[in-house]
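The values are calculated or read from the model by the stated rules, or taken from the named source; none is laboratory data. What you are looking at is a predicted structure, and each value in this text was computed from that prediction instead of being measured. Here Cβ is always computed from backbone atoms with ideal geometry, including for glycine, and neighbour counts include all displayed protein chains.
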Amino acid sequence: MKKIIPIIEYTLKENIRHKIFYTILLFALVIIVSSVLFSMLSPGEETRVILDIGLGAIEIFAFLSAISAAVGLVLGEMENKSVSLILARPVRRFEYIWGRYSGILFISLINILVMSLGLLFLLYIKGWEFNFRFLLAITFIFLKVVIISALAILISLISTSAISSVSGTFFLWILGHVTDHLKYLNYVLVQKGVKITIFLKAIYYLLPNFQYLNVKDYMGYPNPLAGTTIFWQVAYSLIYASVATWLSVLVFSRKEF
Amino acid sequence: MVAIKTENLTKIYVRKHLFSSKKTNALENLNLEIEDGKVFGLLGLNGSGKTTLLKLLVGLLFPTRGSAHIFGQRVPHLSLLSRIGYLPEFPCFLMYLTAGEILNFYGKLYGFSRKEREKRVEETLDLVELKENRNDRLADFSKGMLERIGMAQVLLHDPDLLLLDEPTSGLDPLGVKKLRQTILRLKAEGKTILLSSHLVTEVERVCDQVGILHQGRLKKIVDVKGLEGRMEDIFSETVSGEG
């Protein structure tokens, strides 16, 4: 377990020195700041517009940052074989995967915090009153990143190129936001006598359910989220990500370099 | 004492295509014993199985059949990796790190304390004459300098066994000479070294024994002592004789 910490440190160092990290961060901050312009189109609703665009930007750029780190670092290290110099030392393969994964989460957390501070600053200027739900929305964006990073690593280990890894992860991100439609599709098919319920159910449970974690969409709703709901949402995210990461460990343990 | 022992060690690569698979016998029933404290050279043409053998010993590849033991322990074994220094043919590093940082990182993976790491990093950088470049990023290093960093990471933890895959590739003649001196110094310290190379004369100069690999098979083991420059002929005869 001791070896995980140096791998986290080195993932952070590598990421922070990568230009893409700053590019993504800069783009995100530009979008967040530009939300002020869009807010002018909705007089009286400025803070809501800034909040909606800002949180949306944080989510998208956190996703891009996580995917670039997961694919770039894990797949990149396997492709250029620098991983062999790590595995030739007393490091267990699960330590490598969990170290890399934790490092990516760390960097995503930093990213999200920087973007959130930028957004909070804008909202503060506009006279927005702080709402605890903001923290909840940010936490749930991070939970989505927790899941997608684990999946990005898994896909990077299975696929053979950066393009297929990125597109595969992107595809899962999209699908994860529309899983609820599978339920409806199942309902329609059953009505028409087509019986593929088990198949659809399997897909429904296998795919990540990002809609379940979309707390930011409910920022304006008056009723607070129930504690038990939050508990199950957090538990779902952590369990899903853990299973995906252990699957990555399984795949990685069989890999030859 | 035996440092490395392989028994019927076999590695078959299977490349799977859509509806077919292609098998390549990279190493076939290799039985080899290398004594502790010796320098053993592996000679062979491209694709003869030299790199495969080294990777099997370090646990980067898994054998299809047979087994390998290092210092009496079956490979792969995590604790063994603290006693092995491995230099791949084309060592690739994280180019965003500096020379000092990469060695410090590897030092952490061995569990060295901060003080110990500092000392070892300093010593090994000095040994490969890169002390002045400690804070330079590896991305700015020349090919020869990267090879020297490769050697530094091998020596960092003072291993008992060194597995060097084509250590002279990328080195200029002066670099080759310095590497030879390093190998001879390590040999005098009692280290066991297994090195693969294309350079017959270089192998003859530093090795006690040489194994000739051809098409994944160990064809001959030659004691270098008393050969007096005939290694090249022996190698050519062995390899060309097999076609």
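Side notes on the structure shown:
- First in the stretch A:243-257 and farther than 13 Å from residue A:92 by Cα, second anywhere and small (Gly, Ala, Ser), Cβ under 8 Å, 6 or more apart: A:244/A:150; A:245/A:150; A:248/A:150; A:257/A:84
- Among the residues examined, residue B:165 does not qualify as within 26 Å of residue B:114 (Cβ to Cβ), touching a Phe, Trp or Tyr at 6+ places or on another chain (Cβ under 9 Å), surrounded by 15 or more Cβ atoms within 10 Å (Cβ to Cβ) and of a type in the set (D, E, K, R).
- Among the residues of the stretch B:16-30, none qualifies, meaning not one is at pLDDT 95 or above, closer than 21 Å to residue B:160 by Cα and outside any loop (DSSP other than H, G, I, E, B).
- Evaluation of residue B:184 against (1) at negative phi; (2) touching a strand residue (DSSP E or B) at 6+ places or on another chain (Cβ under 8 Å) (one fails), failing number: (2)
- The stretch A:151-257 holds helices (runs of 4 or more DSSP H) entirely within its bounds, and those carrying 2 or more residues that are of a type in the set (D, E, K, R) map to A:179-191.
- The condition of being within 27 Å of residue B:88 (Cβ to Cβ) and free of Cβ contacts under 8 Å to residues at least 60 places away in the same chain does not hold for residue A:158.
- Pairs with Cβ under 8 Å, 6+ apart, first in the stretch B:119-148 and part of a helix (DSSP H, G or I), second among the β-branched types (Val, Ile, Thr): B:127/B:182; B:138/B:98; B:138/B:102; B:138/B:149; B:148/B:128
- Contact map, the stretch A:84-101: first residue within 7 Å of chain B (Cβ to nearest Cβ), second residue in a helix (DSSP H, G or I), Cβ cut-off under 6 Å, separation 6 or more or different chains; pairs are A:88/B:58; A:89/B:81; A:89/B:109; A:90/B:78; A:90/B:81; A:90/B:82; A:91/B:109.
A quick yes/no check of all residues on (1) assigned to a helix (DSSP H, G or I); (2) modelled with pLDDT of 90 or more:
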{"position": "A:15", "(1), (2)": "yes, no"}
{"position": "A:35", "(1), (2)": "yes, no"}
{"position": "A:38", "(1), (2)": "yes, no"}
{"position": "A:42", "(1), (2)": "no, no"}
{"position": "A:86", "(1), (2)": "yes, yes"}
{"position": "A:107", "(1), (2)": "yes, yes"}
{"position": "A:113", "(1), (2)": "yes, yes"}
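- Residues being assigned to a strand (DSSP E or B), free of Cβ contacts under 8 Å to residues at least 40 places away in the same chain and within 14 Å of chain A (Cβ to nearest Cβ) are represented in the stretch B:57-74 by at least one member.
- Residue within the stretch A:206-218 that is loosely packed, with under 13 Cβ neighbours inside 10 Å, within 25 Å of residue A:68 (Cα to Cα) and modelled with pLDDT of 90 or more present: yes
- Matching residues in the stretch B:2-43 - criterion: being on the phi > 0 side of the Ramachandran plot and not polar (S, T, N, Q): B:37
- The residues of the stretch A:51-84 that are assigned to a loop (DSSP other than H, G, I, E, B) and charged (D, E, K, R) amount to a single one, A:81.
- Qualifying residue in the stretch A:83-103 (condition: of a type in the set (A, V, I, L, M) and within 30 Å of residue A:53 (Cβ to Cβ)): no
One line per residue, one yes/no per condition, for (1) within 14 Å of chain A (Cβ to nearest Cβ); (2) modelled with pLDDT of 90 or more:
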{"residue": "B:118", "(1), (2)": "no, yes"}
{"residue": "B:143", "(1), (2)": "no, no"}
{"residue": "B:153", "(1), (2)": "yes, yes"}
{"residue": "B:168", "(1), (2)": "no, no"}
{"residue": "B:174", "(1), (2)": "no, no"}
{"residue": "B:177", "(1), (2)": "no, no"}
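- Number of the condition not met by residue B:117 [criteria: (1) farther than 30 Å from residue B:205 by Cα; (2) surrounded by fewer than 19 Cβ atoms within 10 Å (Cβ to Cβ); (3) touching a Gly at 6+ places or on another chain (Cβ under 6 Å)]: (2)
- Residue within the stretch A:70-77 that is within 14 Å of chain B (Cβ to nearest Cβ) and surrounded by fewer than 19 Cβ atoms within 10 Å (Cβ to Cβ) present: yes
- Whichever residue in the stretch B:90-106 is within 12 Å of another protein chain (Cβ to nearest Cβ) and in a helix (DSSP H, G or I) and, among such residues, is surrounded by the most Cβ atoms within 10 Å (Cβ to Cβ): B:106
- Looking only at the stretch A:111-131, residues that are touching a residue at least 60 places away in the same chain (Cβ under 8 Å) and under 20 Å from the mean Cα position of the chain (by Cα) come to 5 in all.
- The listed residues are A:60, A:67, and the only one of them that is more than 9 Å from chain B (Cβ to nearest Cβ), buried (at least 19 other Cβ atoms within 10 Å of the Cβ) and of a type outside the set (Phe, Trp, Tyr) turns out to be A:67.
- Test: residue in the stretch A:27-41 that is free of Cβ contacts under 8 Å to residues at least 12 places away in the same chain, out of contact with any helix residue (DSSP H, G or I) (no Cβ under 6 Å at 6 or more places or on another chain) and surrounded by 15 or more Cβ atoms within 10 Å (Cβ to Cβ): no
- Annotation note: of B:87, B:109, B:162, the sole residue that is within 10 Å of chain A (Cβ to nearest Cβ) and within 18 Å of residue B:195 (Cα to Cα) is B:87.
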